[in-house]
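Q: Below: one structure in structure tokens.
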Ligand SMILES: [Ca+2]
Ligand SMILES: [Ca+2]
């Protein structure tokens, strides 16, 4: 059989076109500041420092205090958005952490993952925004608590929700949430997850959905919001009423599905935020501890965790 040879220049351009842009840990907010109105981004994107506005629309301290973060460790704080008078359209205030302008460059995303934790003061729902990237009214990504038992993802106004899962409705305890989206596919390309802060419990897949929004063009200047929408777009009036912590965003460029993290990668994010079993558990339940260590060792084969703050190296999201 003879194979037609393509000109070398065409081959070279095809190779460049097919080369997947690596997955990057673009945004990571650990919310471990103290008595400050800002939170810096530990991810790769610049210009993504968040500033806190409370329910009175006044810049102020965003932190809940030492030991109130997901891990319960003394130096672990959280974003305190409890000044919101209620969830989403009920709260209807601008309480939330946001960039003060559209100051972030992202580009076109082939795929992405949003992950984080919330600890609700009031029952979630009423379209309270957990996370938002905003370019303009037709270019945005929003993850929100659609009802008391569902979260949902909107891309440019087209939304799809998770399965109805009772765990999302909890108040007063830490709930892990994540959504992974693969824009290089149009079917079964959006997955929602829920978990808790118990290291021995499993991450739960709360829906495999189809959202045919394609790759996400965020090629202009982008505003970021956590616990509400982007502050300056006039629609940042759907606060999440409660605490939030360890919110992260992973993305990969055009043609790449690597930004849609796998279930085990997402579970690694969950485990990285919560405490190791204590000495008491080691003494009282040595077997369980050993099993847990083995599980963690296995799951970390996908890549190496960098520290205990939910920060992962870029290579592990590919
Ligand atoms: Ca924290
Ligand atoms: Ca409140």
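Q: Residues in region 87-106: is at least one within 19 Å of residue 203 (Cα to Cα) and in contact with a strand residue (DSSP E or B) (Cβ under 6 Å, 6 or more places away or on another chain)?
A: no
Q: Can you name every residue in region 200-231 that is within 17 Å of the chain's Cα centre (by Cα), closer than 30 Å to residue 103 by Cα and part of a loop (DSSP other than H, G, I, E, B)?
A: 227, 228, 229, 230, listed by residue number.
Q: In addition: Could you check region 122-183 for strands (runs of 3 or more DSSP E) lying wholly inside it with 3 or more residues that are surrounded by 19 or more Cβ atoms within 10 Å (Cβ to Cβ)?
A: In region 122-183, 128-136, 139-147, 150-155, 175-182 are the strands (runs of 3 or more DSSP E) which contain 3 or more residues that are surrounded by 19 or more Cβ atoms within 10 Å (Cβ to Cβ).
Q: May I pose another question? In region 79-120, what residues are in a loop (DSSP other than H, G, I, E, B), away from ligand 2 (no atom under 14 Å from the Cβ) and surrounded by 23 or more Cβ atoms within 10 Å (Cβ to Cβ)?
A: 99, 106
Q: Next question, about the same structure. For region 30-47, which residues satisfy the criterion of being surrounded by fewer than 17 Cβ atoms within 10 Å (Cβ to Cβ) and at positive phi?
A: Across region 30-47, the qualifying residues are 35, 47.
Q: Let me ask something additional. Please find, among 78, 128, the residue that is within 16 Å of ligand 1 (Cβ to nearest atom) and either modelled with pLDDT of 95 or more or at negative phi (or both).
A: Matching residue, one of 78, 128: 78.
Q: If you don't mind, there's one more thing I want to ask. Taking region 190-199, which residues are assigned to a strand (DSSP E or B) and either over 19 Å from the mean Cα position of the chain (by Cα) or surrounded by fewer than 21 Cβ atoms within 10 Å (Cβ to Cβ) (or both)?
A: The one that is assigned to a strand (DSSP E or B) and either over 19 Å from the mean Cα position of the chain (by Cα) or surrounded by fewer than 21 Cβ atoms within 10 Å (Cβ to Cβ) (or both): 196.
Q: Listed residues 93, 105; which is farther than 27 Å from residue 150 by Cα and either away from ligand 1 (no atom under 16 Å from the Cβ) or at pLDDT below 95 (or both)?
A: Just a single option satisfies the conditions, and that option is 105.
Q: I'd like to check something: does region 108-118 contain any residue that is touching a strand residue (DSSP E or B) at 6+ places or on another chain (Cβ under 7 Å), more than 23 Å from residue 193 (Cα to Cα) and in contact (Cβ under 8 Å) with a residue 12 or more places away in the chain?
A: yes
Q: Suppose we filter region 48-65 for residues that are in contact with a strand residue (DSSP E or B) (Cβ under 7 Å, 6 or more places away or on another chain), within 14 Å of residue 225 (Cα to Cα) and surrounded by 19 or more Cβ atoms within 10 Å (Cβ to Cβ); how many remain?
A: Within region 48-65, residues that are in contact with a strand residue (DSSP E or B) (Cβ under 7 Å, 6 or more places away or on another chain), within 14 Å of residue 225 (Cα to Cα) and surrounded by 19 or more Cβ atoms within 10 Å (Cβ to Cβ) number 5.
Q: Hey, among the residues in region 38-75 that are outside any loop (DSSP other than H, G, I, E, B) and more than 11 Å from ligand 1 (Cβ to nearest atom), which one's farthest from residue 98 (Cα to Cα)?
A: 59
The values are calculated or read from the model by the stated rules, or taken from the named source; none is laboratory data. Keep in mind the model is a prediction, meaning the values are calculated, not measured. No Cβ is skipped: glycine too gets one built from the backbone with ideal geometry, and neighbour counts run over all protein chains shown.
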